[in-house]
1. Out of all the residues in the stretch 58-91, which are surrounded by 20 or more Cβ atoms within 10 Å (Cβ to Cβ) and either touching a residue at least 40 places away in the same chain (Cβ under 8 Å) or touching a strand residue (DSSP E or B) at 6+ places or on another chain (Cβ under 6 Å) (or both)?
2. Kindly list, by first and then second residue, each pair from a residue in the stretch 32-43 that is surrounded by 17 or more Cβ atoms within 10 Å (Cβ to Cβ) to a residue that is assigned to a loop (DSSP other than H, G, I, E, B), limited to pairs with Cβ atoms under 6 Å and residues at least 6 apart or on different chains.
3. Of the residues 363, 377, which single one is in a helix (DSSP H, G or I), closer than 26 Å to residue 129 by Cβ and among the hydrophobic types (A, V, I, L, M, F, W, C)?
4. What number of residues within the stretch 1-55 are of a type in the set (Val, Ile, Thr), touching a Leu at 6+ places or on another chain (Cβ under 8 Å) and outside any strand (DSSP E or B)?
5. Could you check, for the stretch 218-241, whether at least one of its residues is surrounded by fewer than 18 Cβ atoms within 10 Å (Cβ to Cβ) and closer than 30 Å to residue 159 by Cβ?
6. Restricting attention to the stretch 114-156, report how many residues are aliphatic (A, V, I, L, M) and surrounded by fewer than 18 Cβ atoms within 10 Å (Cβ to Cβ).
7. Inspect the stretch 180-188 for any residue being surrounded by 14 or more Cβ atoms within 10 Å (Cβ to Cβ) and in contact (Cβ under 8 Å) with a residue 40 or more places away in the chain and give the result as yes or no.
8. Which residues, taken from the stretch 385-399, are under 25 Å from residue 321 (Cβ atoms) and either of a type outside the set (D, E, K, R) or crowded, with 22+ Cβ neighbours inside 10 Å (or both)?
Amino acid sequence: MQDSAALNDMRLRVREALSRVPVTDIHTHVYAPAFGDMLLWGIDELLNHHYLIAETLRWADVTPAEFWEMDRRQQADLVWKTLFLDHSPVSAAAEGLLEVLRALGLDTASRDLESYRAFFAAQTPEGIVDRVFECAGLESLVMTNDPFDDTERAVWESGPQIDSRFHAALRLDSLILAWETNYPRLRDWGYDVEGPLGGRTIPEVRRFLHHWIDRMEPLYLMLSLSPSWRFPDGSQLNRLLEECMLAVAAERGLPVALMPGCRRQVNPDLRLAGDSVGVSDLASLERLLARYPKLRFLVTVLSRENQYELNVVARKFPNLMTFGCWWFLNIPYLIDEMTRMRVELLGFSHIPHHSDVRVVEQVIPKWTHARLFTEVVLAERYAAVEETGWKVSDAEIERDCRDLMGRNFWRFIGRL
């Protein structure tokens, strides 16, 4: 039984350390201000996040089709009325929005949506980004970048001056998972490719990847995978993965982020809110890790049922770095469970958190929760260690927190 006074003292020590260390958010869907309207911010964007839309449509007396016919303001009004006025906002997503308002100095007790709109209308994208970074204790974040997005591609081709706190990650879902749809676009852009991967297709896809690596300077290449992914199987997907993505990653010295477990569009009527989750085959991941021991893989999985196995896999393969609580896992109950499991199985050799946010203000509650549960878990583990007679210094606590909140990532990708 741990002494409560000693545990409380240890929590204070860990809290102090966490308040001092900078955070790198290694996976988001946030864009730098240079990307214009692709940077989502403000109360109407917060209310129109797909988590809240899905929750609203469980209550509201409108069909998904009717909802999508509304303009953004009308949609936000409906979400506000349904989840914040007609019912108490106790879900993690709804409560997180209130945390944003509070952190920005707004009166949540007023329940005055128009006053919140007035506040955000007076802000600039650059100003809100600065304030959010300060509130969240962020030093930098990593975007998700897709050259098949017409709007985004145009920005990159214009040679933008990107805020140095924002880093690129080259996502290849559109290339690899949607090859049949998108290879004609490669042809339109001057690449000599064929649908069956014949002829010069493989070297031309590699040329495409080199071009976008040169332009974006990404920290890593990334790909999401469905629960049905199996490796190896000789499929078109795995040929593109191995012969293009992994081959170019090896040539350029870049790590690869893999994200298995998402089942896309189980309810297409909900659009972005219509994706779901499934249990992945991590034996396939083990075979991939064993085949490419010199490549570095950042991996997060979407299913809760996969978490224990992923941690065991990480114990066997030093070229694997687990990261974050992805998507539906990023709720307080599961953040606590996953952080405990990782610390107890892997010590400090993991990246416990990332936000996965789409609206920039959302990083505030995400990192508030991340710090809280890191504090709770580490305090308990340090207190247990000290009961053996081993003493942990404040400097050692801060070292460990710096590793978890950023240095593990920078070290693993070879930038530290």
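The values are calculated or read from the model by the stated rules, or taken from the named source; none is laboratory data. Remember, it's a predicted structure, so these values are computed and weren't measured experimentally. Using ideal geometry, Cβ is built from the backbone for each residue, glycine included, and neighbour counts are taken over all protein chains shown.
1. none
2. Every condition considered, the pairs that remain are 32/162; 32/163; 33/39; 34/160; 34/162; 39/31; 40/358.
3. On the way: 377 fails: closer than 26 Å to residue 129 by Cβ.
Only one candidate passes the filter, namely 363.
4. As a first pass, look at the stretch 1-55 and keep what is of a type in the set (Val, Ile, Thr): 14, 21, 23-24, 26, 28, 30, 43, 53.
From what's left, touching a Leu at 6+ places or on another chain (Cβ under 8 Å): 14, 23-24, 26, 28, 30, 43, 53.
Filter once more, so that each one left must be outside any strand (DSSP E or B): 14, 26, 28, 30, 43, 53.
Counting residues in the stretch 1-55 that are of a type in the set (Val, Ile, Thr), touching a Leu at 6+ places or on another chain (Cβ under 8 Å) and outside any strand (DSSP E or B) gives 6.
5. Scanning the stretch 218-241, I find no residue that is surrounded by fewer than 18 Cβ atoms within 10 Å (Cβ to Cβ) and closer than 30 Å to residue 159 by Cβ, so the answer is no.
6. Residues meeting the conditions: 4.
7. No - not one qualifying residue is present in the stretch 180-188.
8. Of everything in the stretch 385-399, those that are under 25 Å from residue 321 (Cβ atoms) and either of a type outside the set (D, E, K, R) or crowded, with 22+ Cβ neighbours inside 10 Å (or both) turn out to be 385, 392, 395, 397.
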